[in-house]
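The values are calculated or read from the model by the stated rules, or taken from the named source; none is laboratory data. All figures in this text were calculated on a predicted structure; none of them were measured in a lab. Calculation scope for accessible area: heavy atoms of the full protein, side chains included, ligands and nucleic acids excluded. Shrake-Rupley method; radii C 1.70, N 1.55, O 1.52, S 1.80 Å.
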Amino acid sequence: QEVLRSLVEQIKDREGSQGLIIIEARYGRLTTATTNENSIQIIDVTVPLQALVKDSALRIGTTVSKSNLTGFYDPCIGDEKSLFIKYSLRSQIHTVLYKDTDPVILPNRGNKIYLIHSLFYFYLIISAESFTRACNGTVTSII
């Protein structure tokens, strides 16, 4: 356990403040209300997950139970399990929830695409408002 913690500190140093840092990770029988370790059916897997980060990416491509990963075990045999991850990347906090057998890929490209889409949409709105102001309010609709 101590060796793993030492490895994680080295990884965090290498990643720096802009890299992928696992802030919190829980595995087990999770519900939307329980992402802490108050239940015996939930384990803290922050350290084992951070140990798997390389070049600001976490990739667990397997589709078998996460309980087979180093540092994990099955805290609720027979029950459906999930993996909750709270992480930091480029000073932004993100949270994700995976089913037990889902592959894990961080950073989540879907979040990046959504952000780009949102920024583009915001740009269109600002551009449309500026255009309308430039036309002294005579334009009622652009789209």
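Estimated at the nearest 10 Å², the accessible area of K66 is 0 Å² with a 1.4 Å probe.
Give me the number: length gained by fully extending I93 to D55, i.e. 0.36 nm times residue separation minus the C-alpha to C-alpha distance, one decimal in nm. Write out the running numbers ahead of the final one.
Details: separation 38, 0.36 × 38 = 13.68 nm, distance 1.78 nm.
Working it through step by step, the gained length comes to 11.9 nm.
Rolled with a 1.4 Å probe across the full set of protein chains, the surface gives R90 an accessible area near 130 Å².
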